[in-house]
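My structure is below; once you've seen it, I'll send some questions.
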Amino acid sequence: MANIREVAKRSGVSVGTVSRYLNGVKIRDDNAEAIARAIEALDYHPNLIGRALTTQRTYAIGVLVASAANVFVSSSIGKLETAFEKQGYSSLFIDFHGDVDVLKEKVEFLKRRFVDGLVIFLSEVDAEHLEFLETVNIPVIVVDNPVESGMVDSIVVNNATSAREMVGAMIDAGHKRVGVIAPSQETYVGRRRLKGWTEAFESRGLPARSQDVRLCAPSKDEGFAAACSLIDQGEVTALFSCNYYLALGALKAISRRGLHPGMDIGFASFDDFDFSDVMYPSLSVIRQPMGEIIDVVASRMCSRLNGDVDEVGIQTLSCSVNITDSIRGGLQ
């Protein structure tokens with residue numbers, strides 16, 4: 001089995017330089033590349049226990065998710081694991097099933113395992129239940145929920161602005177009544193996306209009618225029931241679904257009513273996980289910047305662990321609003 005001295009000899013640098021490289025210290029790019037090549041050629045595996053004792057770090061990040069089955073989460077965790085691996089960190093993934101009490105237990109569990117930091121996906125939990133994160137005493141990054149704290153970083157997207165732009169385009173296309181299917185208003189995401197729908201009408205001097213709003217759990221079945229209710233009401237000429245699962249339910253309802261989205265009824269949704277272009281016309285969707293979210297989380301966490309961050313706070317990333325002819329359905 002190769003040792004650190006062999007790596008140093010093959011890469012043409014000192015043992016100390018290899019040690020600094022393995023411990024995440026910034027070194028010259030040419031030295032880093034030479035060490036990486038030597039490690040691969042020698043199939044070198046550092047002594048993780050010794051490394052942890054020397055650096056007082058485990059090089060492990062705890063990642064907590066509200067539901068591993070959620071498409072937003074499942075599309076993120078593999079990429080996040082890869083991003084951390086590139087920085088020399090392993091990831092420990094835990095599902096807390098959307099339960100705040102379970103979340104608290106799992107945070108303590110990970111702290112007892114001496115993880116260096118925590119990333120928490122929290123789109124379905126209200127921030128008012130998260131005060132305990134301020135006392136965790138290791139770097140914490142929350143995704144999809146803004147936590148007002150000097151101890152916790154938050155990464156969110158411009159939910160309200162994106163929804164307002166999409167619904168505004170539907171109104172400008174000619175729709176007077178756009179039904180909205182939104183998640184519970186107990187969640188940040190649900191509140192912000194419904195706010196965008198409301199502002200699209202109000203900014204144009206039009207009424208945002210409460211009878212055109214359906215609030216429900218973010219599931220396909222709930223989305224189906226809500227869309228059926230709006231269609232059967234007979235007043236709306238378009239639907240805006242506020243997340244992926246609600247969109248699937250709404251599309252099912254449209255089909256069951258013998259209608260075609262983008263032709264017989266206008267349609268748009270928040271979230272797109274590679275299904276919008278299977279329809280004709282392609283569906284209007286708001287795409288979250290998944291790659292950018294992962295990159296920001298990984299780089300921010302590593303910067304905090306390396307002591308390169310002076311302040312923590314809320315960072316807002318921009319979604320892409322992709323408008324197609326699907327918003328024009330029902331206007332003929």
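Considering (1) part of a helix (DSSP H, G or I); (2) at pLDDT 95 or above; (3) within 21 Å of N322 (Cα to Cα), say which one Y245 fails and leave the rest.
Here Y245 meets the rest and fails (2).
Need the failing condition index for N322 against (1) more than 23 Å from S74 (Cβ to Cβ); (2) touching a Lys or Arg at 6+ places or on another chain (Cβ under 9 Å); (3) among the polar types (S, T, N, Q); (4) surrounded by 15 or more Cβ atoms within 10 Å (Cβ to Cβ), just the number.
(1)
From the list R257, R209, R214, which one is out of contact with any helix residue (DSSP H, G or I) (no Cβ under 6 Å at 6 or more places or on another chain) and assigned by TED's automatic domain parsing to the domain that holds R164?
Result of the check over R257, R209, R214: R209.
Looking only at the stretch 312-332, count every residue that is over 14 Å from M279 (Cβ atoms) and in a strand (DSSP E or B) and tell me the total. Steps first, please.
Going through the stretch 312-332, the residues over 14 Å from M279 (Cβ atoms) turn out to be 312-321, 323, 330-332.
Those still in the list that are in a strand (DSSP E or B) too: 314-317, 320-321.
Looking only at that region, the number is 6.
Taking the criterion of being surrounded by 18 or more Cβ atoms within 10 Å (Cβ to Cβ), in contact with a Leu (Cβ under 7 Å, 6 or more places away or on another chain) and under 28 Å from R191 (Cβ atoms), would at least one residue in the stretch 270-292 satisfy it?
yes
Now for a different question. Quick one: which residue in V309, V236 is of a type in the set (A, V, I, L, M), out of contact with any strand residue (DSSP E or B) (no Cβ under 6 Å at 6 or more places or on another chain), farther than 22 Å from V189 by Cβ and outside any helix (DSSP H, G or I)?
V309
Is it true that some residue in the stretch 199-213 is hydroxyl-bearing (S, T, Y) and not in a loop (DSSP other than H, G, I, E, B)?
yes
Conditions: (1) more than 19 Å from the chain's Cα centre (by Cα); (2) at pLDDT below 85. E124 meets all but one. Number of the miss?
Tallying (1) more than 19 Å from the chain's Cα centre (by Cα); (2) at pLDDT below 85, E124 fails exactly one: (1).
Please verify whether E165 is among the acidic types (D, E), part of a helix (DSSP H, G or I) and assigned by TED's automatic domain parsing to the domain that holds G205, treating the condition exactly as stated.
For E165, the condition - among the acidic types (D, E), part of a helix (DSSP H, G or I) and assigned by TED's automatic domain parsing to the domain that holds G205 - is met.
May I ask you to verify whether V180 is assigned to a strand (DSSP E or B), touching a residue at least 40 places away in the same chain (Cβ under 8 Å), under 30 Å from A66 (Cβ atoms) and in contact with an Asp or Glu (Cβ under 9 Å, 6 or more places away or on another chain)?
Working: assigned to a strand (DSSP E or B): yes; touching a residue at least 40 places away in the same chain (Cβ under 8 Å): yes; under 30 Å from A66 (Cβ atoms): yes; in contact with an Asp or Glu (Cβ under 9 Å, 6 or more places away or on another chain): yes.
Here the answer is yes, as V180 does meet what is asked.
Scanning the stretch 119-156 for residues that are small (G, A, S) and assigned to a loop (DSSP other than H, G, I, E, B), which turns out surrounded by the most Cβ atoms within 10 Å (Cβ to Cβ)?
Step by step, filter the stretch 119-156, then rank; the result is S123.
Please work out which residue is surrounded by the most Cβ atoms within 10 Å (Cβ to Cβ), limiting yourself to the stretch 157-203 and to residues that are of a type in the set (V, I, T) and modelled with pLDDT of 95 or more.
I181
The values are calculated or read from the model by the stated rules, or taken from the named source; none is laboratory data. Just so we're clear, the structure is a prediction, and the values are computed from it rather than from any experiment. Counting neighbours? That spans all protein chains shown, and the Cβs are built from the backbone with ideal geometry, glycine included.
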